[in-house]
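Okay, so here's the structure we're looking at.
The values are calculated or read from the model by the stated rules, or taken from the named source; none is laboratory data. Computed from a predicted structure; not experimentally measured. We place every Cβ from the backbone using ideal geometry, glycine too, and count neighbours over all the protein chains shown.
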Ligand SMILES: [Zn+2]
């Protein structure tokens, strides 16, 4: 079986890559969507840069220190498995709006 979906370590310098990504101003953890801090802090905190060859064009992903540690502990396979069990929380537009009672207006003070 091929393991094309599993991110591989980049052949490049991770701090260098982090700095480049920070320069663009938009970096987020691939797994938990955590926001990438400034390059210096990210490097010190232990952010990782990995590559996924899954797509036609290889994409570079960021892994925050928390996810990197979890991944190291669980192993890549188990980590990926758990990710599929728990879908990522995306900010979905909720259909419910806070209701404003029409009769409540005018009673200020
Ligand atoms: Zn993360």
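Just a few scattered comments:
- Close pairs from region 19-30: first at negative phi, partner assigned to a helix (DSSP H, G or I), Cβ under 6 Å, at least 6 apart: 19/39; 22/39; 27/21; 29/67
- Any hit, region 85-93, residues being outside any loop (DSSP other than H, G, I, E, B) and either surrounded by 10 or more Cβ atoms within 10 Å (Cβ to Cβ) or at pLDDT below 65 (or both): no
- Taking region 21-40 as the range and being touching a helix residue (DSSP H, G or I) at 6+ places or on another chain (Cβ under 9 Å) and part of a helix (DSSP H, G or I) as the test, the residues that pass are 21, 22, 23, 39, 40.
- Taking region 6-40 as the range and being closer than 19 Å to residue 71 by Cβ, modelled with pLDDT under 80 and within 16 Å of the ligand (Cβ to nearest atom) as the test, only 7 passes.
- Filter result (in a helix (DSSP H, G or I), more than 13 Å from the ligand (Cβ to nearest atom) and without any contact (Cβ under 8 Å) to a residue 24 or more places away in the chain) within region 41-73: 41, 44, 73
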